[in-house]
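Data block below; observations after.
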Amino acid sequence: SALIAVASSKLGCPYVWGSKGPNSFDCSGFVYYCLRSVGVSTGRLSAQGYANTTKWPSVSTSSLKAGDLLFFSDGGSR
């Protein structure tokens with residue numbers, strides 16, 4: 001719930017490429033800021049970096065909880 005509170009508190013902050021907060025973010029900067037704010041030590045990775053790390057456990061879609069990160073693939077067509 002702490003992660004959700006931090007993320008929710010940043011609603012309305014603008015997207016700025018390369019920004020990692022606290023008043024503007026890009027995608028990975030937002031995840032990085034939120035995780036660090038709740039005491040999770042992690043590097044600032046791209047979505048691909050977050051998706052490919054072995055640090056995070058995989059869970060089934062039926063086990064998802066608020067705060068879980070989801071990554072999707074387009075099958076490499078882009």
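Summary table
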| item | result |
| --- | --- |
| Sole exception among (1) aromatic (Phe, Trp, Tyr); (2) farther than 15 Å from Trp56 by Cβ; (3) surrounded by 13 or more Cβ atoms within 10 Å (Cβ to Cβ) for Tyr32, by number | (2) |
| Test: Thr54 is at pLDDT below 85, surrounded by 10 or more Cβ atoms within 10 Å (Cβ to Cβ), in a loop (DSSP other than H, G, I, E, B) and of a type in the set (Ser, Thr, Tyr) | no |
| The lone exception for Ser77 - which of (1) at pLDDT 90 or above; (2) surrounded by fewer than 10 Cβ atoms within 10 Å (Cβ to Cβ) it fails | (1) |
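The values are calculated or read from the model by the stated rules, or taken from the named source; none is laboratory data. On a predicted model such as this, the values are computed, not experimentally measured, just so you know. Here the Cβ is made from the backbone with ideal geometry for all residues, glycine too, and neighbour counts use every protein chain on show.
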